[in-house]
Amino acid sequence: ERLRYVLGLLLLLHSTDSFYVPGVAPINFHRNDPVEIKAVKLTSSRTQLPYEYYSLPFCQPSKITYKAENLGEVLRGDRIVNTPFQVSMNVEKKCEVLCNLPNKPVTLTVEQSKLIAERIREDYYVHLIADNLPVATRLEFYSNREEEEKKKEKDVQFEHGYRLGFMDGNKFYLHNHLSFILYYHREDVEESQEHTYRVVRFEVIPQSIKLEDLKADEKSMCTLPEATGSAPQEIDPTKENQLLFTYSVHWEESDIKWASRWDTYLTMSDVQIHWFSIINSVVVVFFLSGILSMIIIRTLRKDIANYNKEDDIEDTMEESGWKLVHGDVFRPPQYPMILSSLLGSGIQLFCMILIVIFVAMLGMLSPSSRGALMTTACFLFMFMGVFGGFFAGRLYRTLKGHRWKKGAFCTATLYPGVVFGICFVLNCFIWGKHSSGAVPFPTMVALLCMWFGISLPLVYLGYYFGFRKQPYDNPVRTNQIPRQIPEQRWYMNKFVGILMAGILPFGAMFIELFFIFSAIWENQFYYLFGFLFLVFIILVVSCSQISIVMVYFQLCAEDYRWWWRTFLVSGGSAFYVLIYAVFYFVNKLDIVEFIPSLLYFGYTALMVLSFWLLTGTIGFYAAYMFVRKIYAAVKID
């Protein structure tokens, strides 16, 4: 019965993945209505530097207009702009010259030719959108099936955008002809009304066709050569090049409904692996968690029963274990202000991530609302400052801190300051490359204003109320003279603890990490938030349990300095995330240059730091509750 319930929950989570985003209304087109095609950016997983569309000498419309963008789009490097493609609903175009008259081909200067050749060598993709739907290139290939089946069926996959060009030996070829294939869904209307259509898929077949093979007339119409006899359009970076930019439009009717038009783009990766890995990690984690819980609870019961027996005085002299350190276990640690500040930032991150994943799981932050995820995350982090401040203030007071104003300022600036500093340095390098991924100066000022205008006052507000609230009630008094700590065994070393504690939480989430890395570094769409929510819950459970086990071992070894150690050790899985990021860089990515590598490791450092804060905070609060519980259960004279 329980298994059926778990499977039902998983199916519910999976079904939420394809649930469509509310608030985005479909656009109905009539025949001959213009369907605007816009350009988003150029991207490459080799350089990790996005560029805006007109950074290359493409044909330009008479007036270039950029779409107003939200914060998330700006941070992602999207610069959505109009293009000169003339596409009308359900109107075919055989071949049309894009700009310049046919008798006056586009002439690329040596500089422009060099730039295009460099972008082709760096494996750049061009991203266009029609009715907010990104363009995709269809890839057909035969899977490893039996010979007879091969002839019948091909596997189809889609690639985001289209390749700018290709290389053959040391020669560069540009895709100068685009065959657009747009699919429409005919909406049901009453007989007297005109049919309405909705765009449900946008594909492109890029081709490279030499200038001499494109036969164009005075009306900007052209005829494409036979596929076998045409030569590709070469771009020689050492001299001027002449070429024509052309395009054709083909419309096809489709059964796909408007609500599920994104499914093509979202089912690019193998969901089978996902299911298997998620169920695998759920089973493993709950199995290990069950064993750990049983061992800890049984051992604790035994301990508490022994400690509460009123035996002879001689026996109590012999006593060892965690009861011995009861007079020191709540002794405030070194640097209580920094500890409470980091934990406050951890609470802020925890609340933000939980809300973002939950809202995304309900389908509100689908990839069709560009930049919504990043914008929501930024604003939520600012507003969650009030919770971060409250928890930090209360803990600081519990640790006998007095300077609450300084503590609040530290909480509001320590982690965000590090993030801002690293991002600013990386941004300077991206600026130097003239990439659209560089955050513009006004956006940076706006982010600073949000930080000091929203987050800082909210942290102060939370800290004030947290500091005024009754401190956490510790069940035992602290002795005036600290107890001597016996010499510790080698396996009680911090670093050994970090390595041991990180394995279980990392094992539970590393498959999901692969998909997240692919989304960030290889321009894939990440949409499996149902799975991610489940993984997040598993992560919280496993971090809490490992942290409780580690603090129990430490107190049994009569070492009462658990505050900082628990925070550091619980974040041990961040160390494994760092190792995985290095492995991913070496094996999966094709990055060779200095600046892309710097960007990768800079952003990875931020991810690892945030992940350490998150898991460290979860582990710390679990351990703190555990320590208060066990000392409240024993009788202490």
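Quote the charge dipole size of the chain about the Cα centre in Debye, to the nearest 20; the model charges only the Cβ of Lys and Arg (+1) and of Asp and Glu (-1). It would help to have the intermediate numbers written out before the result.
Values: 59 positive and 61 negative charges, 532 e Å.
Roughly 2560 debye for the chain.
Could you work out the helix-only [θ] at 222 nm for the chain, with each DSSP H run of four or more residues adding -39,500 (n - 2.57) and the total divided by the number of residues, to the nearest 500 deg cm²/dmol? The partial results should precede the final answer.
Details: 18 runs with 311 residues, N = 637.
Computed mean residue ellipticity for the chain: -16500 deg cm²/dmol.
Within the set LYS309/LYS469; LYS494/LYS629; LYS63/LYS93; LYS93/LYS433; LYS215/LYS433; LYS63/LYS171, which residue pairs have Cα atoms separated by over 32 Å?
LYS309/LYS469; LYS93/LYS433; LYS215/LYS433; LYS63/LYS171
At 1.4 Å probe size, with the rest of the protein present, what percent of the exposed accessible area of segment 334-472 is carbon and sulfur atoms? Mind dumping the intermediate values first?
On the way: 4740 of 6150 Å².
Summing carbon and sulfur atoms, their accessible area is 77 percent of the total for segment 334-472.
In Å², and per residue, what accessible area does the chain have when probed at 1.4 Å with the other protein chains present?
Values: 31980 Å² over 637 residues.
Per residue, the chain has an accessible area of 50 Å².
Kindly rank 38-49, 74-85 from highest to lowest mean number of other beta carbons found within 10 Å of each residue.
Result, highest mean Cβ count within 10 Å first: 38-49, 74-85.
Test of the criteria: in segment 478-547, which GluC sites (Glu not before Pro) are in a DSSP loop and have at most 12 other Cβ atoms within 10 angstrom of their Cβ? Before the final figure, lay out each step's value.
Working: sites: GLU487, GLU512, GLU522; in loops: GLU487, GLU522.
Qualifying residues, ordered by number: GLU487.
Loop-only chymotrypsin sites (Phe, Trp or Tyr not before Pro) in segment 455-507, please: DSSP not H, G, I, E or B, and at most 15 other Cβ atoms within 10 Å.
Details: sites: TYR460, TYR463, TYR464, PHE465, PHE467, TYR472, TRP490, TYR491, PHE495, PHE506; in loops: TYR472.
Those that pass, being in a loop and sparsely packed, are TYR472.
Using Cα-Cα distances under 8 Å and only pairs 6 or more residues apart, what relative contact order does segment 374-491 have, in percent?
Working: 102 pairs, mean separation 59.4, N = 118.
In percent, rounded to a whole number, it is 50.
I'm spelling it out carefully: the read-out is volume of the Cα convex hull per residue in Å³, the candidates are (1) 216; (2) 150; (3) 165, and one was derived from this structure. Which label?
Correct label is (1).
How do the peptides 422-430, 548-556, 169-177 rank, highest first, by the average count of neighbouring beta carbon atoms within 10 Å per residue? Walk me through the intermediate numbers first.
On the way: 422-430: 16.0, 548-556: 21.3, 169-177: 18.3.
Put in order of decreasing packing, that is 548-556, 169-177, 422-430.
First compute the accessible area of segment 151-221 with a 1.4 Å probe, then give the percent of it belonging to carbon and sulfur atoms. Mind dumping the intermediate values first?
Details: 1740 of 4020 Å².
Using a 1.4 Å probe with all protein chains present, segment 151-221 comes out at 43 percent carbon and sulfur.
Quickly rank 373-382, 56-65, 608-617 as a protection proxy: mean count of other C-beta atoms within 10 Å, highest first. Could you put the intermediate results ahead of the total?
Working: 373-382: 19.0, 56-65: 12.9, 608-617: 23.6.
Ranked by mean Cβ neighbours within 10 Å, highest first: 608-617, 373-382, 56-65.
Would you give the gap between the C-alpha center of segment 481-510 and the C-alpha center of segment 513-590, rounded to a whole Å?
Going from one Cα centre to the other spans 15 Å.
Which FRET efficiency value, to the nearest 0.05, do you get for VAL586 and THR109 by plugging their Cβ-Cβ distance into 1/(1 + (r/R0)^6) with R0 = 45 Å? Could the numbers behind the result be given before it?
Values: r = 39 Å, r/R0 = 0.86.
It comes out at approximately 0.70.
So what is the relative contact order of the chain, in percent, for Cα pairs below 8 Å that sit 6 or more residues apart? Spell out each step's value before the answer.
Numbers: 1079 pairs, mean separation 110.1, N = 637.
Relative contact order of the chain: 17 percent.
So which GluC sites (Glu not before Pro) in segment 63-139 are both in a DSSP loop and have at most 13 other Cβ atoms within 10 Å of their Cβ? Before the final figure, lay out each step's value.
Working: sites: GLU69, GLU73, GLU92, GLU96, GLU111, GLU118, GLU122; in loops: GLU69, GLU92, GLU122.
Passing sites in segment 63-139 are GLU92.
Tell me, for the chain, which Cys residues have no other cysteine's C-beta sitting closer than 4.7 Å.
Result for the chain is CYS351, CYS378, CYS410, CYS423, CYS428, CYS449, CYS543, CYS556, no neighbouring Cys Cβ within the cutoff.
Considering only protein heavy atoms and a probe of 1.4 Å, how much of the accessible area of segment 483-543 is carbon and sulfur, as a whole percent? Intermediate values should be presented prior to the final figure.
On the way: 1950 of 2900 Å².
The C+S portion of the solvent-accessible surface of segment 483-543 is 67 percent.
Grab the beta carbon distance between PHE465 and LEU362, set R0 = 35 Å, and tell me the FRET efficiency rounded to 0.05.
Details: r = 31 Å, r/R0 = 0.87.
Efficiency, from the Cβ-Cβ distance: 0.70.
The values are calculated or read from the model by the stated rules, or taken from the named source; none is laboratory data. In this text, all values refer to a predicted model and were calculated from it rather than measured experimentally. Note that each Cβ is placed from the backbone with ideal geometry, even for glycine, and that neighbours are counted across all protein chains shown. Keep in mind that these areas ignore ligands, DNA and RNA; they rest on the heavy atoms of the full protein, side chains included. Shrake-Rupley method; radii C 1.70, N 1.55, O 1.52, S 1.80 Å.
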